[in-house]
1. Any chance you could run the full-extension gain for R512 through D467? It's 0.36 nm times the residue separation minus the Cα-Cα distance, nm to one decimal.
2. Probe radius 1.4 Å, ligands and nucleic acids left out: which of R462, R582 has the largest accessible area, and how do the rest follow?
3. Treating only the Cβ of Lys, Arg, Asp and Glu as charged (+1, +1, -1, -1), what charge dipole size does region 486-571 show about its Cα centre? Round to the nearest 20 debye.
4. How large is ³J(HN,Hα), in whole Hz, for each residue of region 192-197 in order, when computed from phi with the Karplus curve 6.51 cos²θ - 1.76 cosθ + 1.60 and θ = phi - 60°, using x for Gly and Pro?
5. With every protein chain in place, what's the accessible area of D207 (1.4 Å probe, Å², nearest 10)?
6. Check which residues have an amide H placed less than 5 Å from T454's amide H, if you skip close sequence neighbours.
7. Could you give the length gained by full extension between L537 and I63, i.e. 0.36 nm per residue of separation minus their alpha carbon distance, to one decimal place?
8. Between Y165 and F312, what is the label-point separation in nm under the 7 Å Cα-to-beta-carbon projection?
Amino acid sequence: MKITPENIKSGNYKNRPIPDGFLSRRLVIKATAGIALLWFLPVSIAGAGAAGPGDFSWTDIFIGLAGGLAFFLYGMEKMSNGMKTTAGNKMRSILASLTRNRFIALIVGAFVTMVIQSSSATTVMLVSFVQAGLLNLAQSMGVILGADIGTTITAQMIAFKLTDYALLMVAIGFLIKMFGKTEKIKSVGDILLGFGILFFGMKLMSDVMKPLRTYPAFIDLMKDLETPFMGIVFGAAFTAIVQSSSATTGVLIVLAQQGLITLEGGIPVIFGANIGTCVTAALAGIGASREAKRVAIAHIMFKLAGVCLFIFWIPQFADLIRALADKFNSGTARQLANAHTLFNVSLGLFFLPFISFFSKIIYFIYPKKIKPKSQELATWYIEEAMLETPSLAIDLARAEIARIAKILGRMLDAIIIPFLSDEKYMLRQLGAGEDVQLLLKEIPKRDAVFPDLTLLQGLDMRERKIDFLEEKISAYLTHIAQGNITKEQAEEAFGMVSIVKDMESMGDIIHRNMVPLIAKKKQLKFDFSFAGKEELLIYHGKVSKQIRFLEAAFKETNPKLAFHIMKKERKYLDLESKYRARHLKRIVLKNEESIATTEIHLELMDLMKQVLLYSANIAKTYAGATPENGEKHVVLEKKQEESKSA
């Protein structure tokens, strides 16, 4: 079957159909767990007092709370998906701005989390950046602190009392989604629709809670939350179950709007919610890499340390929040949202200067584990959790492809050594003097990265890695293409599938075609001529340089490097023709070495040319240009260079 974007989208690719779109498993878990907790709440309250009042039933309250929370969580998910799609590929340039400046990292972390509505997703991205060497643990901590600030934006939005306009937002959002002509306009409809559903859920919860304002047992329970320990435990437990601190804050705001909870009772719950949100990061760290575990530890450490700092100052903290509220005439609901924001902003600003110190503590708690990686077959960057954010998932796939390019570069570096450094021929040509013996010792015999392997074992291992990564990345890109993505993202995912296939073919050329030539050459009586060795070495250097540019293009997301590869293709093809002609000339002149090695010489040169052609083809696919467009770009660059030299 021909691989096309349509086949990938329809699920026909590799006979592994996956439904078009999929229900968020996380949403199901949240709603189910939330219902379980809301079932326990009325039962526990009922047990605390005598018979319930006659004007309402616990069944009605349970149904209203469960349904309202389900609407709230679904609306948040819908709004989040719309914001992700609207942001689209711009997220890449935002993430690229992560620099060594910890304050910029804080701001970027807050903004990215605000857009994707998930600090857990931000944490997953951080793990990938740390593994890629783009960030160290200390730098990632700035983003973690920013992500905690970003989660408070949702609380600020839902603190606006817009419940009376919820259905209007649902209607407008639905109309925009139905009649929008572009994906971005439809995404705006999704945002409004999700926002309306979220507020409708809050309205449902608010309405069913009205009778509880006069129920003594419930009022006593809310007063118990003013005890810091009780409030923190409740907030942490609820957040851990629904896996959303925004949901906990939303329920608090509903309680505050009904006058069922005070500021002193809500603040400990907010502290608990901040601890409970660490459960997601901790679960994500189970079975993950050591880098992932350290990021999770950093997240938990900041939250626990922050709560420990604030817990003894709750009355003073509440007074500060009220003082701010008096200036803006804010009610208890807004005060709770402000407490949530001020807590996380204070933590970010307080801990930011000490993140280097905290990173040392984390490395002390969870040190680096030295273990051989030579036989390890594993992906480093792609994460299933990021499939819900296609633009970021594509970025992770691109990072994994850059890793394949690096592996190919190491294979090329290793494969040329046995051809140009055969001890038998060197001893024959140079003798067995002391200097020659020292020279022979300098010839690499072990893998440059994994000394426990020989050169050939290293080539075998990297071939297995490339085959493994090709399968995993292709499956990952297929999942992305079958999700809710734009046409441009689908084309990019399809192009990357093609690129991975080409890279796997390059690995096959080195492993299946070049490696057998090593044994074949050892059977010859002659070595390459000096001129032949020089040509092979120079041409190998040119091909290796193309692979390094390819790796940089993917790692830096730089199309200019891809066009540079395309521009050099013609030049290096001409160079191969030139060297071939020189070799044939040596044969005509009856050079014994050239005659004896001609078959291997020409085949090795041809195989390197094939690698060169594949690299240029990958560059064309990556740049999103046809060969004609690539030639136009080359001509334009040539004219610019000529004008500069003139």
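The values are calculated or read from the model by the stated rules, or taken from the named source; none is laboratory data. If you're wondering where the values come from, they're calculated on a predicted model, not measured in any experiment. Ideal geometry is used to build each Cβ from the backbone, glycine not excepted, and the neighbour counts take in all protein chains shown. The accessibility values were calculated without ligands, DNA or RNA, using every heavy atom of the protein model including side chains. Shrake-Rupley method; radii C 1.70, N 1.55, O 1.52, S 1.80 Å.
1. 14.9 nm
2. The ordering from most to least exposed comes out as R582, R462.
3. For this selection, approximately 500 debye.
4. For region 192-197, the Karplus-derived couplings read 5, 4, x, 4, x, 4 Hz, x marking Gly and Pro.
5. 70
6. Those lying under 5 Å, H to H, from T454 are D447.
7. Extending this stretch completely gives an extra 163.1 nm.
8. Using points 7 Å along Cα→Cβ, the separation is 4.5 nm.
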